[in-house]
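A.B. asks: I'd like to ask you about the structure that follows.
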Amino acid sequence: FIVKPDGSKHVITPKNGKMFELEELQELVSGYIQVIRLTDSQCMVINENGKLYGFEHNAEASVIAHSYKAIFADDFIVGDAVIINNEQLD
């Protein structure tokens with residue numbers, strides 16, 4: 001699913017029905033991707049340069065990342081965040 005900065009969540013599926021391709025993930029997060037491991041089976045994909053570009057703070061994605069201790073306590077997520085199973089990552 002994708003978590004928007006306004007807190008809304010939307011179910012998404014890979015275009016090919018199985019795995020998200022790099023270009024597809026880049027489109028979803030509006031640029032170069034950064035993969036943050038949440039668990040052994042799940043990851044969060046965000047824009048690598050989102051803070052540099054001034055993307056909007058994503059409080060919901062930040063809470064999710066903090067709950068898995070995937071980011072430092074003083075860090076936060078900006079922009080759209082895609083949460084997928086690792087096997088969906090191409």
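A.B. asks: Could you grab the pairs with beta carbons closer than 7 Å, sequence gap of 6+ or different chains, first residue in region 31-46 and of a type in the set (D, E, K, R), second one open to solvent by 20 Å² or more (accessible area, probe 1.4 Å)?
C.D. replies: 37/70
A.B. asks: Oh, and also: For region 16-34, which residues satisfy the criterion of being closer than 23 Å to residue 66 by Cα and open to solvent by 70 Å² or more (accessible area, probe 1.4 Å)?
C.D. replies: Selection gives 30, 32, 34.
A.B. asks: Something else now. For region 50-82, give me each residue that is surrounded by 15 or more Cβ atoms within 10 Å (Cβ to Cβ) and of a type in the set (S, T, N, Q).
C.D. replies: Listed by number, the residues that qualify are 58, 62.
A.B. asks: Being among the polar types (S, T, N, Q) and open to solvent by 80 Å² or more (accessible area, probe 1.4 Å) narrows it down to one of 13, 39, so name that one.
C.D. replies: 13
A.B. asks: Need a quick list: strands (runs of 3 or more DSSP E) entirely within region 24-90 having at least 3 residues that are more than 16 Å from residue 9 (Cα to Cα).
C.D. replies: In region 24-90, 33-37 are the strands (runs of 3 or more DSSP E) which contain 3 or more residues that are more than 16 Å from residue 9 (Cα to Cα).
The values are calculated or read from the model by the stated rules, or taken from the named source; none is laboratory data. Source: prediction; values computed, not measured. Neighbour counts run over all protein chains shown; Cβ positions are idealised from the backbone, glycine included. Please note that ligands, DNA and RNA were not included when accessible areas were found on the heavy atoms of the full protein model with its side chains. Shrake-Rupley method; radii C 1.70, N 1.55, O 1.52, S 1.80 Å.
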